[in-house]
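Asks: Dumping the structure here so I can ask a few things about it.
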Amino acid sequence: MTKLLEVKNLTICYKTDLGVVNALNDVSISVEEGKTFGLVGETGAGKTTLAKGIMRLTPIPPGDVKSGQILYNGKDLMKLEEAEIRKIRGKHISMIFQDPMTSLNPVMTVGDQIAEVVINHENISVKDAYVKTNEMLELVEIPSERSSEYPHQFSGGMKQRVIIAMALACNPKLLIADEPTTALDVTIQAQVLEMMKELKNKFNTSVLLITHDLGVVAQNCDDVAVIYAGEVVESGTVRDIFKNMKHPYTEGLFASIPNIAEDVRRLKPIDGLMPDPTSLPKGCKFHTRCKYAQDVCRNEHPKMTLVNDRHIVRCFIQENLVSRRDIDEK
Amino acid sequence: MSKYIIKRFLMLIPVLLGATFFVFCIMDMSPGDPAVIILGPDASPENIADLKVELGLDKPLMVRYFNFIGNLIKGDLGTSYKNNISVMDQIRDKLPNTFLLALSGMLVAVVVGIPVGIISAKKQYSVFDNVTMVVTLILAASPAFWLGLMLVLLFSLNLGWFPSSGMGSGFGGVIKSLILPAITVGSNTAALVARMTRSSMLEVIRQDYIDTARAKGLKESVITYKHMLKNALIPIITVVGLQFGVLLGGSVMTETVFSWPGVGRFVVEAIKTKDIPSVLGSVVVLCILFSFVNLFVDILYAYVDPRIKSQYKAGRSSK
Amino acid sequence: MKNKNEILCINHLKKYFSTPKGILHAVDDVSFVINSNETLGVVGESGCGKSTLGRSILRLNEPTSGEVIFKGENILQYNKEKMKKMRSKMQIIFQDPYASLNPRMTVSQAISAPLTIQGVYKSSEKEKIEKKVSEMMDLVGLASRLKNTYPHELDGGRRQRIGVARALVLNPEFIVCDEPVSALDVSIQAQVLNLMQDLQEQFGFTYLFITHNLSVVKHLSDNIVVMYLGQLVEKATPSQLFKNPLHPYTKALLSAIPVPDPDLKMDRVKLKGELKSPINVKPGCRFTKRCVYAQPECENKDVSLKEIEPGHFVACHLVKG
Amino acid sequence: MSNITKHDSEKSRSLWQDVARRFVNNKLAVCGLIFFVLLILISISTIMIDIITDNSIYNEYVVKQNLAEKLAKPSLEHIFGCDEFGRSIFFRMVWGTRYSLFIGIIAIFIATVIGGFLGGIAGYYGGKIDNVIMRVMDVFLAIPSMVMAIALVAALGASTFNLLLSIAIPQIPRFARIVRVSVMSVKDMEFIEAAKAVGAKDKLIIFGYILPNAMAPIIVQATLGTANAILAIAGLSYLGLGVQPPTPEWGSILTSARMYIRDAWHISVIPGIGIMLTVLSLNLFGDGLRDALDPKLKN
């Protein structure tokens, strides 16, 4: 398998009035060609920062990209000039944002907005660009006559489909979808996800799917990374994470969601709250909420440890420095 | 679209009726008997009574108001108490000058204010931005007529570039004499428009669709003009429309400073001589002018913002 | 059904709003019964009228018609004075933990406001109020040192605990929970759900639990009603509903849930078109336009709930009992 | 998110305390406030002086003509120079402070109370009442405020009290609009419903819940409105339609400035700077308040 995108040791922080927010700390992930990579985490974990960081859309200031590499087909995007990265955006890597209601320009017709990206990247006439636009609209099951309508004339699900059409119009290699269905109702979510899956297979696009919904990950992704407080705590194939989870945070996430398939009378939530990103705890970032935490967790920072050749975990339990036994037996 | 315009136009009628009625009532409250003012203090009571009947002053307020409106529609605003000249004729001479002044002031405000606001927003916290913000604060805080005095002091008296008063003749003469008054009238609004444009742009810059545009790989200049500006202009159009009323008010004072032959100076003179028909006529005409400018702005607004247009298509009124 | 202790009975409740486009049938002829100490889950997608239903029951929106019978009395006929007294028995927990708290009130003020408004204590009885507030904060798991903080200083989970404490301070019997955990992250969501379950066990509350989240509703409810465009389309116990959904809409809804298990793939029941709002509705089943099984009779004949098996009701022409 | 753990150990701050803290951090706004307070102190002290000295200082220095010093340039003796009647502009400006300031403040206070009441009713009850009130306000808004002020002065006659009215009345619909929008944005929030759900009465909801939360934009508009009112007062006085001579209002000092602009530039320049600084200080104060009240608006 060839790696299409490799993010290596990306660290991004934001300077705010309340202090420096360490949004991403030394994050490494890799997306393989033709695969869907899921990134799971809760609010404030750094998911959107990562998505924007890959596109080099981090607002600077207040953002500050401290270090890291973003290798796309082996080429480091961090080293590109602004003009060169613009050729990548929309053409090689596209992005879908969370809220379809606000992601489209309200004063431009949807057709113009799709055609714009085609004209920008493809060397074709304006007329052909609109032909392509109509094709794309039909592809996401929106009648092409509606291309001269404005975003407010579409429902939420249709808007997200317009955005998908726009993102795929130049046949990109990688699609970054940042919570693409969070703002949608469950039936609409299913439609949109299904459509994304079909188009992904049709165009052989790789997808980086960012979400907080474990169900969406299970049904759509090949590989998964779990992110907590700006750090990847566990990553592997979807089976590794869902069937053989190792990190206490991942376990906590699963225990927190009511299971639709079996009856659990009581949930087992993770204690406490996400740490303040302006003053992250020393040691393992999760130790404040972890029932297995020992002194070593409070003082040392765990390394990424291999479980198998794909599955890696950042936890001292895996490093055999902390034992689960004493707690579970109590 | 034409349906929208007609509807807006029809909605204007009750507003104008209300506004003119209010102004008519105010004027009616003014002390002093018009008949006495016209005939002088020595006139005999019979003459005064006769004139009252002739002027229709013996009738109740509502009757007089509807007579006034009826005459207004026919283009008759009565005659001045002072010189017996038709008020309409006098206003007809002067209104174009006031309109020209207010419009030029608006032009100054828009042509200077919007680009300055855009640059300030794009280069937030730069030297340009900081200087602009200080200058606009000072301009917005200065009384327009005083700014006029300062311009006269500097450009007419010290540098001798422009005439200090009156209206020149011929195209070049008019333009030359228009420059200082236009800057005077427009300066406050220019400052306001610049600040509004800046904050509106900064608001738009934060929107998700700008991220979308960036993610498409568009050039920054395309993003600024195609995506940001059109959205940022929507709130500014409303402000500019409302400011036209301020400009008309400001013209009154500026005309006095520069002896500009407009309605403003006319109305101030009329007030001082208690020439009620002239005051009433001028105020009513200014209100009508303002309302029509706002109507135009409303239409422009619908043109720029597709949400308003389709709201209307759905058969709803917008406000 | 009657042998259980029925606490709330809704009969033909309607709530219409007039909008510029026409009459919006937000809640249209809804009837159900809730037993004491049970939870009725209300599920549906945005715009189905589930929030309006909750608010209409509490008369926060005055219903257009129908009956809300609480412990044998129709509270819609209560006058202001009687209704005010009744309000201490029926409370609500809101969705948005940010908008549902007055930003100018401290935690203890927010929790004690219902006490003084209802006249349980006079505002001069500071000590009693303080004691009650401490008790409540303890109950919902808020540290007492937070008593003088303002909502903007707290996170969503804690704010929602304040919302719970405020609803419980008057010792109500029936509580409308309007998407109380939708705005929270999953780990916090589980904490609040557990809290609500514990409190129900401890005090015997009756919940009307409104949500769009099917797994949450399955987890908590004794009975579930599914709403579509202002009407109930199915009513069942969780196991009936999830094992044997009868209404095509329920089937579509259930099959759309992404299951957090890579080995379980659902066959999705597809829907046609998009959700419309129930404005100027025509007779017939409201789901017809989106239903893949729709028959001619669906278009013009109104449907009502009918019992297919004990406790399992459905409003569909195609399901024969 | 970020403020969760932080404040637990600290003493809790109310929203108003937060506002004050943010305001104090804004240097320009604080300068504006200080200047404005200074002007109020000047006004009050000159009024006190007049009462104590039975107007003798006023008569001697402010209104008494001294044609020997006619149009005198600024000097050590008369730091702002003299006007066409030889009166010290410095004294006239110091004594004139009260007119601009208090007429402006009182006019805006009247407009805020009346406009606030109408807008509040329209916003809270909505429906027909709202429609009627706002249509009437639309009628008033169709008259440019300066034009309306001029018409009012023309009809009522030029005096200080009439000036006050003619500044206040055109502002009423503006305040009504702002209060209405503000009340509407608060009244549908869930915490209002929560109060209704425990049986709170309308009175408590309006005064205890809605008003405190709807205050922010009203306070800001009142501050900025006062600045505009001061400009309008100066303008009307300049036209001779406001405060009448020999009362030393700033705008009226400028009335004669145009005539003597060739010989005595100081008459034009100095009072104008006074007006400008006053309005500037109020604008800075108002902008600072807005940013402090709603940090989201701050760019």
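The values are calculated or read from the model by the stated rules, or taken from the named source; none is laboratory data. Predicted, not measured: the structure shown is a model, and the values here were computed from it. Cβ coordinates were reconstructed from backbone atoms using ideal geometry, including for glycine residues, and neighbour counts include every protein chain displayed. Accessible surface areas use protein heavy atoms only, side chains included; no ligands, DNA or RNA. Shrake-Rupley method; radii C 1.70, N 1.55, O 1.52, S 1.80 Å.
Asks: Name the residue that is surrounded by the fewest Cβ atoms within 10 Å (Cβ to Cβ), counting only residues in segment B:260-283 that are farther than 14 Å from residue B:102 by Cβ and among the basic types (Lys, Arg).
Replies: B:272
Asks: Sort out which residues of segment A:265-292 are part of a loop (DSSP other than H, G, I, E, B) and charged (D, E, K, R), and write them in order of number.
Replies: Going residue by residue through segment A:265-292, those that are part of a loop (DSSP other than H, G, I, E, B) are A:265-286, A:290-292.
Once the filter is applied, which keeps residues that are part of a loop (DSSP other than H, G, I, E, B) and charged (D, E, K, R), segment A:265-292 yields A:265, A:266, A:268, A:271, A:276, A:282, A:285, A:291.
Asks: From the set of residues in segment A:108-141 that are of a type in the set (A, V, I, L, M, F, W, C) and away from chain B (no Cβ under 14 Å), which is farthest from residue B:232 (Cα to Cα)? Steps first, answer last, please.
Replies: Residues of segment A:108-141 that are of a type in the set (A, V, I, L, M, F, W, C), as a first pass: A:108, A:110, A:114-115, A:117-119, A:124, A:126, A:129, A:131, A:136-137, A:139-140.
Applying the additional criterion that residues be away from chain B (no Cβ under 14 Å) yields A:124, A:126, A:131, A:137, A:139-140.
On the way: A:124: 31, A:126: 27, A:131: 30, A:137: 28, A:139: 33, A:140: 31 Å.
Ranking the qualifying residues of segment A:108-141, first place goes to A:139.
Asks: Taking into account only those residues within segment C:56-65 that are under 18 Å from the mean Cα position of the chain (by Cα) and outside any loop (DSSP other than H, G, I, E, B), which is farthest from residue C:35 (Cα to Cα)? Don't jump to the end; show me each part of the working.
Replies: Going through segment C:56-65, the residues under 18 Å from the mean Cα position of the chain (by Cα) turn out to be C:56-63.
With the extra rule that they be outside any loop (DSSP other than H, G, I, E, B), the set shrinks to C:56-57.
On the way: C:56: 19, C:57: 15 Å.
This residue is C:56.
Asks: Which of the residues belonging to segment C:73-90 are closer than 18 Å to residue C:175 by Cβ and surrounded by 15 or more Cβ atoms within 10 Å (Cβ to Cβ)? Step through it out loud before you land on a result.
Replies: So the first thing to find is which residues in segment C:73-90 are closer than 18 Å to residue C:175 by Cβ, and the list is C:75, C:83-90.
C:75, C:83, C:84, C:86, C:87, C:88, C:89, C:90, listed by residue number.
Asks: Taking segment C:119-154 on its own, how many of its residues are part of a loop (DSSP other than H, G, I, E, B), in contact with a Leu (Cβ under 6 Å, 6 or more places away or on another chain) and either under 25 Å from residue D:213 (Cα atoms) or in contact (Cβ under 8 Å) with a residue 12 or more places away in the chain (or both)? Show your work before the answer.
Replies: As a first pass, look at segment C:119-154 and keep what is part of a loop (DSSP other than H, G, I, E, B): C:119-125, C:141-143, C:149-150, C:154.
Checking the rest, the ones that are also in contact with a Leu (Cβ under 6 Å, 6 or more places away or on another chain) come to C:121.
From the residues that got through so far, the ones that are either under 25 Å from residue D:213 (Cα atoms) or in contact (Cβ under 8 Å) with a residue 12 or more places away in the chain (or both) too are none.
Of the residues in that region, 0 qualify.
Asks: Checking residue A:277 against (1) modelled with pLDDT of 85 or more; (2) under 27 Å from residue C:154 (Cα atoms); (3) crowded, with 22+ Cβ neighbours inside 10 Å; (4) within 8 Å of another protein chain (Cβ to nearest Cβ), only one condition comes out false. Which one?
Replies: Every listed condition holds for residue A:277 apart from (1).
Asks: Now a separate question. For segment A:154-163, indicate whether the set of residues that are of a type in the set (A, V, I, L, M, F, W, C), in a helix (DSSP H, G or I) and either touching a Pro at 6+ places or on another chain (Cβ under 8 Å) or at pLDDT 90 or above (or both) is non-empty. It would help to see each step written out before you state the result.
Replies: Of the residues in segment A:154-163, the ones of a type in the set (A, V, I, L, M, F, W, C) are A:154, A:158, A:162-163.
Cutting the leftovers down to in a helix (DSSP H, G or I) gives us A:158, A:162-163.
Those still in the list that are either touching a Pro at 6+ places or on another chain (Cβ under 8 Å) or at pLDDT 90 or above (or both) too: A:162-163.
Looking for residues that are of a type in the set (A, V, I, L, M, F, W, C), in a helix (DSSP H, G or I) and either touching a Pro at 6+ places or on another chain (Cβ under 8 Å) or at pLDDT 90 or above (or both), one finds at least one in segment A:154-163, hence yes.
Asks: Pairs please, first residue from segment C:56-72 and small (Gly, Ala, Ser) and crowded, with 18+ Cβ neighbours inside 10 Å, second anywhere and modelled with pLDDT of 90 or more and part of a loop (DSSP other than H, G, I, E, B), Cβ atoms under 7 Å, 6+ apart in sequence or on different chains.
Replies: Sorted first by the residue in segment C:56-72, then by its partner, the pairs are C:56/C:63.
Asks: Of all residues in segment A:61-75, count the ones that are outside any loop (DSSP other than H, G, I, E, B), of a type outside the set (Phe, Trp, Tyr) and either closer than 21 Å to residue A:121 by Cβ or open to solvent by 50 Å² or more (accessible area, probe 1.4 Å) (or both).
Replies: So the first thing to find is which residues in segment A:61-75 are outside any loop (DSSP other than H, G, I, E, B), and the list is A:63-72, A:75.
Imposing the further condition that a residue be of a type outside the set (Phe, Trp, Tyr) reduces the set to A:63-71, A:75.
Then drop every residue that is not either closer than 21 Å to residue A:121 by Cβ or open to solvent by 50 Å² or more (accessible area, probe 1.4 Å) (or both), which leaves A:66-67, A:69-70, A:75.
Number satisfying all stated conditions: 5.
Asks: Can you find, within segment D:181-195, the residue that is least open to solvent (accessible area, probe 1.4 Å) among those that are of a type in the set (Val, Ile, Thr) and over 18 Å from residue C:60 (Cα atoms)? Show your work before the answer.
Replies: At the first step, the residues of segment D:181-195 found to be of a type in the set (Val, Ile, Thr) are D:181, D:183, D:186, D:192.
Narrowing further to those that are over 18 Å from residue C:60 (Cα atoms): D:181, D:183.
Values: D:181: 85, D:183: 8 Å².
Among those that are of a type in the set (Val, Ile, Thr) and over 18 Å from residue C:60 (Cα atoms), it is D:183.
Asks: Something else now. Does any residue of segment B:83-103 turn out to be modelled with pLDDT under 80, open to solvent by less than 70 Å² (accessible area, probe 1.4 Å) and over 30 Å from residue B:177 (Cα atoms)?
Replies: Here is the first cut: in segment B:83-103, the residues modelled with pLDDT under 80 are B:83-84.
Right, trim to open to solvent by less than 70 Å² (accessible area, probe 1.4 Å) and you get none.
No, segment B:83-103 contains no residue that is modelled with pLDDT under 80, open to solvent by less than 70 Å² (accessible area, probe 1.4 Å) and over 30 Å from residue B:177 (Cα atoms).
Asks: Please list, ordered by residue number, the strands (runs of 3 or more DSSP E) wholly in segment A:189-264 having 3 or more residues that are over 27 Å from residue C:269 (Cα atoms) and either within 8 Å of another protein chain (Cβ to nearest Cβ) or open to solvent by less than 20 Å² (accessible area, probe 1.4 Å) (or both). Before you say what the answer is, go through the steps one by one.
Replies: Details: elements: A:206-211, A:223-228, A:231-237.
Passing ranges, in order: A:223-228, A:231-237.
Residue-wise test of (1) more than 11 Å from chain B (Cβ to nearest Cβ); (2) modelled with pLDDT of 90 or more; (3) crowded, with 21+ Cβ neighbours inside 10 Å; (4) closer than 30 Å to residue B:282 by Cβ.
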position	(1), (2), (3), (4)
D:122	yes, yes, yes, no
D:148	no, no, yes, yes
D:155	no, no, yes, yes
D:158	no, no, no, yes
D:171	yes, yes, yes, yes
D:179	yes, yes, yes, no
D:199	yes, no, no, no
D:204	yes, no, no, no
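Asks: Ok, one more. Only one of A:135, A:116 is under 30 Å from residue B:303 (Cα atoms), free of Cβ contacts under 8 Å to residues at least 12 places away in the same chain and either of a type in the set (Ser, Thr, Tyr) or crowded, with 21+ Cβ neighbours inside 10 Å (or both); which? Walk me through how you get there before you give the answer.
Replies: Details: A:135 fails: either of a type in the set (Ser, Thr, Tyr) or crowded, with 21+ Cβ neighbours inside 10 Å (or both).
After ruling out the rest, the residue left standing is A:116.
Asks: While we're here: Can you pull out every residue in segment A:83-107 that is more than 8 Å from chain B (Cβ to nearest Cβ) and of a type in the set (D, E, K, R)?
Replies: The one that is more than 8 Å from chain B (Cβ to nearest Cβ) and of a type in the set (D, E, K, R): A:84.
Asks: Shifting gears a bit: Answer with yes or no whether residue D:137 is open to solvent by less than 20 Å² (accessible area, probe 1.4 Å), in contact (Cβ under 8 Å) with a residue 40 or more places away in the chain, within 12 Å of chain B (Cβ to nearest Cβ) and over 16 Å from the mean Cα position of the chain (by Cα). Full working, then the answer.
Replies: Details: open to solvent by less than 20 Å² (accessible area, probe 1.4 Å): yes; in contact (Cβ under 8 Å) with a residue 40 or more places away in the chain: yes; within 12 Å of chain B (Cβ to nearest Cβ): yes; over 16 Å from the mean Cα position of the chain (by Cα): yes.
Criteria met by residue D:137.
Asks: Something else now. If you scan segment B:272-319, which residues turn out to be facing chain D (nearest Cβ under 10 Å), under 17 Å from residue B:14 (Cα atoms) and modelled with pLDDT under 80?
Replies: If the condition is that a residue be facing chain D (nearest Cβ under 10 Å), under 17 Å from residue B:14 (Cα atoms) and modelled with pLDDT under 80, then B:319 is the only one that fits.
Asks: Mind counting the residues in segment B:245-271 that are more than 8 Å from every other protein chain (Cβ to nearest Cβ) and under 18 Å from residue B:191 (Cα atoms)?
Replies: Residues meeting the conditions: 3.
Asks: For segment C:12-41, which positions are among the polar types (S, T, N, Q) and under 16 Å from residue C:225 (Cα atoms)? Let's see the steps before the verdict.
Replies: Just the residues of segment C:12-41 that are among the polar types (S, T, N, Q), to begin with: C:18-19, C:31, C:35-37, C:39.
Within segment C:12-41, C:31, C:35, C:39 qualify.
Asks: In the list C:235, C:251, C:218, which residue meets the criterion of being part of a strand (DSSP E or B) and open to solvent by 10 Å² or more (accessible area, probe 1.4 Å)?
Replies: Values: C:251 fails: part of a strand (DSSP E or B); C:218 fails: part of a strand (DSSP E or B).
Going through C:235, C:251, C:218 in turn, just one is part of a strand (DSSP E or B) and open to solvent by 10 Å² or more (accessible area, probe 1.4 Å): C:235.
Asks: Further, regarding this structure: Find the residue count for segment B:12-53, including only residues that are part of a helix (DSSP H, G or I) and in contact (Cβ under 8 Å) with a residue 24 or more places away in the chain. Give the steps one after another, and end with the answer.
Replies: Quick first cut of segment B:12-53, residues part of a helix (DSSP H, G or I) only: B:12-29, B:34-39, B:45-53.
In the following step, the residues that additionally are in contact (Cβ under 8 Å) with a residue 24 or more places away in the chain were identified as B:12, B:15-17, B:19-21, B:23-25, B:27-28, B:34, B:37-38.
Of the residues in that region, 15 qualify.
Asks: Moving on. Inside segment B:219-264, can you point out the residues that are without any contact (Cβ under 8 Å) to a residue 24 or more places away in the chain and not acidic (Asp, Glu)? First the steps, then the outcome.
Replies: In the first step, residues of segment B:219-264 are kept if they are without any contact (Cβ under 8 Å) to a residue 24 or more places away in the chain; the result is B:219-223, B:225-227, B:249, B:252.
The answer is B:219, B:221, B:222, B:223, B:225, B:226, B:227, B:249, B:252.
Asks: Name the residues in segment B:123-161 that are open to solvent by less than 50 Å² (accessible area, probe 1.4 Å) and away from chain D (no Cβ under 13 Å), would you?
Replies: Within segment B:123-161, B:126, B:132 qualify.
Asks: Moving on to the next point. Just one of (1) buried (at least 17 other Cβ atoms within 10 Å of the Cβ); (2) more than 14 Å from chain A (Cβ to nearest Cβ); (3) not aliphatic (A, V, I, L, M) trips up residue C:300, so point out which.
Replies: (1)
Asks: Of all residues being part of a loop (DSSP other than H, G, I, E, B) and open to solvent by less than 10 Å² (accessible area, probe 1.4 Å) in segment C:173-191, which is farthest from residue C:50 (Cα to Cα)? Just the residue, please. Working first, answer last.
Replies: Narrowing segment C:173-191 to residues part of a loop (DSSP other than H, G, I, E, B): C:173, C:179-185.
Narrowing the set further to residues that are open to solvent by less than 10 Å² (accessible area, probe 1.4 Å) leaves C:180-181.
On the way: C:180: 13, C:181: 15 Å.
So the residue we want is C:181.
Asks: Can you find a residue that is of a type in the set (Phe, Trp, Tyr) and open to solvent by less than 40 Å² (accessible area, probe 1.4 Å) anywhere in segment B:217-239? Walk me through how you get there before you give the answer.
Replies: Narrowing segment B:217-239 to residues of a type in the set (Phe, Trp, Tyr): B:225.
Right, trim to open to solvent by less than 40 Å² (accessible area, probe 1.4 Å) and you get none.
No, that holds for no residue.
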